[in-house]
1. When you look at B:G104, is it outside any loop (DSSP other than H, G, I, E, B), modelled with pLDDT of 70 or more and at positive phi, yes or no?
2. In the stretch A:58-98, how many are charged (D, E, K, R) and not in a helix (DSSP H, G or I)?
3. B:P29 versus (1) farther than 28 Å from A:F239 by Cβ; (2) modelled with pLDDT under 70: which is the lone unmet condition?
4. Kindly provide the set of residues from the stretch B:53-77 that are at pLDDT below 80, farther than 11 Å from B:S141 by Cα and surrounded by 14 or more Cβ atoms within 10 Å (Cβ to Cβ), ordered by number.
5. Has the stretch B:41-58 got any residue that is more than 8 Å from chain A (Cβ to nearest Cβ) and within 18 Å of the chain's Cα centre (by Cα)?
6. Would you point out which residue out of B:L82, B:L136, B:L102 is surrounded by fewer than 23 Cβ atoms within 10 Å (Cβ to Cβ) and within 8 Å of chain A (Cβ to nearest Cβ)?
7. Is it the case that some residue within the stretch A:258-280 is buried (at least 17 other Cβ atoms within 10 Å of the Cβ), assigned to a helix (DSSP H, G or I) and in contact with a Leu (Cβ under 7 Å, 6 or more places away or on another chain)?
8. Here's a check for you: in the stretch A:172-198, which residue that is farther than 17 Å from A:N247 by Cβ and more than 9 Å from chain B (Cβ to nearest Cβ) is surrounded by the most Cβ atoms within 10 Å (Cβ to Cβ)?
Amino acid sequence: MAMAALRREGSRFAPLLSPRPITAVRSSPLAPSHEDEGPIGVRYISTQVVRNRMKSVKNIQKITKAMKMVAASKLRAIQTKTENSRGLWQPFTALLGDLPSADVKKNVVISKGLHKLNSGPEKETKYVILGEKAKAQLIRDSKKDIELIMTELQKNPLNYTQVSVLADEILKNVEYDALRIVFNKFQSVVSFVPTVSTVLSPEIVEREAESGGKLGDLDSYEVEGGETKGEILQNLAEFQFSCVMFNALLENACSEQGARMSAMDSSSRNAGDMLDRLTLTYNRTRQASITTELIEIISGASALEG
Amino acid sequence: MFRQASRLLARTTTSRRSRAFSSDVPATPAQDSNFIESWTKVIPNLDPPKTPSSFMAPRPATPPSIPSKLTVNFVLPYASELSGKEVDMVIVPATTGQMGVLPGHVPTIAELKPGILSVHEGNDVTKYFLSSGFALIHANSVADIIAVEAVPVDHLDPALVQKGLADFTQKLSSASTDLEKAEAQIGVDVHSAMNSAITG
C-alpha cells in the first residue's frame, strides 16, 4: 500500500524535467512558491515546502511520543493500584449478589460518560456525572435529570479517602433505590469492557431478601453489633458503595490512560510513516533539480563546443 | 502494508483474548438475562455492559459437613492482604467484642471497631491492627474481612500512639460542636485501641 502511494507520488514529480525548475529552486529561500505551473500545465513542489512539512511532522511525532510515554508511566502506576483494589468489591458481590435488573423506582446512574441507560416508564433515572467529558455529553439532552456534577477528579492521584468523601457527598444529596455505577473495566491496554455495578439501598435489599431469589439467604445471616439489623445494613450499603466507587474510578482511570497510550502510539507511528514518505519526496525533488542543472550545464558546454 | 498487517494481528490477538475470557466466565445466572433482555429492547446495537459477577470466580457451595479449615479473604482498598488463605481460626474485633471464627461458623455480618485481627494457622499467629470495616462470614466457611486500613502490629510506634492519644483526649475535652466531638471521640477510640494492641 505504501509502495502504491510512492508510485503515485513519483508520477507526480516526473514533469520536474520541464524547463523552469532552477528558478523555482533558487528562488525558494526568498519566495516559497509551492506550486508552479510548467509549460504543459503540470505541477511540482519546491523543496522548501517539503522541508517545512517534514519539520512540523517531526515535531508532532516527538510530541505524541512524549504523550505516549507520559500515559504509559501513569498507566503503570495506576494499574498496580487497580489490580490490588480488585479484591475489594468481591466480598460484597458474594454476599449481596449482583442484581442489575432489580426492579426499582429510582435509579441513580453514576458515570464518567459515554453510556446512557434508558429504562421503562415509572422508573425515574437520575444521573450523577463525574468529569467534564460526561458533562458535555449528557447535559444536552438530559439536563433535567442530572443531580450532581463533579469535576477535576484527576488532579491528585486517587486514594480511598478522597473517594470516600465523594461517596459521602453523593449519599447525602441523592435519594436512591439503586445506585448504578457505570465504568470501563480495564482488561488490557487495548481492551476495556463497559461494566455496570449495582448497589442497592437497604430497603430494597430487605425487599429482595424477603422475596427470595438471589438474596434469599441474606436472612440466614446473623448480624452482630449495632442496635438493629437495619442500621448495620445501611452501614454495609454505604461501605459497599465507597468500595465499589473506588474500584470503578481506578478502573476507569486505567482504561483512559490505556486508550490514550494506544492513541498516541498509533499517532506517532502515523507521523513516522508520513515522515518517511516526505523524505523520499524531498530526496527525489533534490535529485531531480540537480539532474536538470547538470543537463543544462552539459548541454550548454556541448553547444559551445560543437 | 506493514501497518495493515500489524493492525490485523492486533485485531486477532484481542479477539483471541476476549474469547479466552469468555471461556473463563461462568454461565450468567437467570436474573442477568432479564437485564440483557431489557437492554436489547432499548439499545439493540450495542453489547450489554458486563456486571461484576461475570468477573468474579464463583464461590464454593456450602459443604454438607463442616470443613476443617476456614478460608480467609482479607482485603483493603489498596491491597488484598490475604486471599483464599486456609487457616484454623481468626479473631475479629467486632463492635460487640472480640469474636472468634472457626470453620462452620454461623453466617454472620459483623461490623468491626478499631482493634486487632489475629489469624491463627497451626502455631503461627499473625496480628493486624484494623481501623474498622466489616466481616462477612458465609455458610461455606469463607470469611471475608474488609477493612479500610490495616497494619501489622509491630509497625505501630508506641511513642506516636501515646502522643496521638493525648492530643485527641485534649481535643475531646475542648470540642465545641457535635462534629468536632465526634471526630475527637473517634480519634480517642482508635488510639486507645492501638495502645491496648501494643501493650496487650
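1. no
2. Selection size over the stretch A:58-98: 2.
3. Of the numbered conditions (1) farther than 28 Å from A:F239 by Cβ; (2) modelled with pLDDT under 70, the odd one out for B:P29 is (1).
4. B:S53, B:S54, B:F55, B:M56
5. yes
6. Result: B:L136 is the single residue among B:L82, B:L136, B:L102 that is surrounded by fewer than 23 Cβ atoms within 10 Å (Cβ to Cβ) and within 8 Å of chain A (Cβ to nearest Cβ).
7. There is at least one residue in the stretch A:258-280 that is buried (at least 17 other Cβ atoms within 10 Å of the Cβ), assigned to a helix (DSSP H, G or I) and in contact with a Leu (Cβ under 7 Å, 6 or more places away or on another chain).
8. Only one residue fits best here, namely A:Y176.
The values are calculated or read from the model by the stated rules, or taken from the named source; none is laboratory data. Predicted model, so just to flag it, every value in this text is computed and none were measured. Virtual Cβ from ideal backbone geometry, glycine too; neighbours counted across all protein chains shown.
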